[in-house]
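Participant: This structure is in structure tokens; I'll ask about it shortly.
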Amino acid sequence: GQHNIALVGAGRLGSAIASSPIFGEHGITVAAIFEIDPEKIGQHVGSMRVSAIDDMAEICRDRNIIVGVIAVPADTAQDAADALIAAGTKIIFNYSEALLDVPSDVNVHTSNPAVDLLYALYFHLT
């Protein structure tokens, strides 16, 4: 099957996620990229135009998106999650360091590269 995902965050991490070929190999398409930062809205990440977070509900509905990826700093991660949930997202991959507060019917998978590295070092060095 083909799965469309929404990405929140057009910074370094978001851009890396959006341009990664690994998703396409598994039938996953980054179908929309959103930003809170007005300076990034309207810019392009690869061939994709960055949309305003205010347009998320309409875009997610039009593009049949139910999975969201959060790649923003911790201080805006909850806002990103709230917007994704309001847009009908039921699965969220959180790449921020924030602990998200979400309804019980929303699945959150938190994975932060720095945290993952710390765990790996801890288990291999102790």
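The values are calculated or read from the model by the stated rules, or taken from the named source; none is laboratory data. The model shown is predicted, which means the values in this text are computed figures rather than measured ones. Note: ideal-geometry Cβ built from the backbone for every residue, glycine included; neighbour counts use all protein chains shown.
Participant: Tally the residues that are touching a strand residue (DSSP E or B) at 6+ places or on another chain (Cβ under 7 Å), farther than 25 Å from Ala74 by Cβ and free of Cβ contacts under 8 Å to residues at least 60 places away in the same chain, restricting the search to region 1-27.
Facilitator: Adding up the residues that qualify gives 2.
Participant: Looking at (1) of a type in the set (Ser, Thr, Tyr); (2) modelled with pLDDT under 95; (3) in contact with a Phe, Trp or Tyr (Cβ under 6 Å, 6 or more places away or on another chain), which is the only condition Ser51 fails?
Facilitator: With (1) of a type in the set (Ser, Thr, Tyr); (2) modelled with pLDDT under 95; (3) in contact with a Phe, Trp or Tyr (Cβ under 6 Å, 6 or more places away or on another chain) applied to Ser51, the lone miss is (2).
Participant: Enumerate the pairs (first residue in region 45-65 and closer than 17 Å to Ser15 by Cβ and without any contact (Cβ under 8 Å) to a residue 60 or more places away in the chain; second residue anywhere and assigned to a loop (DSSP other than H, G, I, E, B) and polar (S, T, N, Q)) with beta-carbon separation below 8 Å, excluding pairs fewer than 6 apart on the same chain, so at least 6 apart or on different chains.
Facilitator: Pairs that qualify, where the first residue is closer than 17 Å to Ser15 by Cβ and without any contact (Cβ under 8 Å) to a residue 60 or more places away in the chain and the partner is assigned to a loop (DSSP other than H, G, I, E, B) and polar (S, T, N, Q), are Arg49/Gln43; Val50/Gln43.
Participant: Can you name every one of the strands (runs of 3 or more DSSP E) wholly within region 6-104 that holds 3 or more residues which are touching a helix residue (DSSP H, G or I) at 6+ places or on another chain (Cβ under 8 Å)?
Facilitator: Passing ranges, in order: 28-35, 67-70.
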